[in-house]
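What follows is a short report on a single structure.
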Amino acid sequence: MGSGLFWGLLLIILGLSFIFRIIFNIDFPLFKIFIAFVFIFLGFRLLFGSFGILNFTAGENDVVFGERNYSQFENHKEYNIVFGKGTYDFRNLDLEDGKKTIKVSTVFGGSVIKLPRDMPVRIKVDAAFAGANLPNGNSVVFGSSYYESPNLDKENPYLDLRIDVVFGGIDVKFY
């Protein structure tokens, strides 16, 4: 169901409800009908692979309504969990080729990030109505937080981890 089709049908139904109200004195709850159609539209878009207004399309690194374990990562890639659970295991990540920047996003879900104790890492977390727990015990619910491992030297290779979490939870732990 395309957005043009949806909005066209919605406007036709709202127009017909105005006509029925004026000519036949039948009162339809327009606001409730509008909200119901918006929820139906978003549900269809989510089920069929894209999330309407946000233009979210599930890719090979994305999980929608599921669970996935990640252990292989590519530099400058984004990994997304939406309405699901993800485990990111960085314990075998090779930093020999230089700094790696990886983005992890969790929306309405939960994620666990596993890091080796000796890996130099810099973490930036942006959270909104969520819970993000960092290895040093800090947590963020709304806003941003940063963490740098004690052995981080920006002149040498390290993992630059960018985390976004909205209405979900992420735990970052050393193993």
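None of the figures in this text is laboratory data; all of them are computed from the coordinates on show. All of these numbers come straight from a predicted model, not from anything done at the bench. Positions of Cβ are generated from backbone atoms using ideal geometry, with glycine treated the same way; all protein chains shown enter the neighbour counts.
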Seminar exercise, completed: Checked pairs for region 139-155, first surrounded by 12 or more Cβ atoms within 10 Å (Cβ to Cβ), second among the hydroxyl-bearing types (Ser, Thr, Tyr) and part of a loop (DSSP other than H, G, I, E, B), C-beta under 7 Å and 6 or more apart or across chains, list as LEU152/TYR158
Exercise. Based on what the data block shows, is VAL125 without any contact (Cβ under 8 Å) to a residue 60 or more places away in the chain and within 15 Å of the chain's Cα centre (by Cα)?
Worked result: yes
Problem set entry | Single residue of region 81-95 satisfying the filter (touching a residue at least 12 places away in the same chain (Cβ under 8 Å) and over 26 Å from PHE108 (Cα atoms)) that is surrounded by the most Cβ atoms within 10 Å (Cβ to Cβ) | LEU93
Exercise. Can you name the residue in region 10-39 that is in contact with a helix residue (DSSP H, G or I) (Cβ under 8 Å, 6 or more places away or on another chain) and not in a helix (DSSP H, G or I) and, of all such residues, is surrounded by the most Cβ atoms within 10 Å (Cβ to Cβ)?
Worked result: PHE28
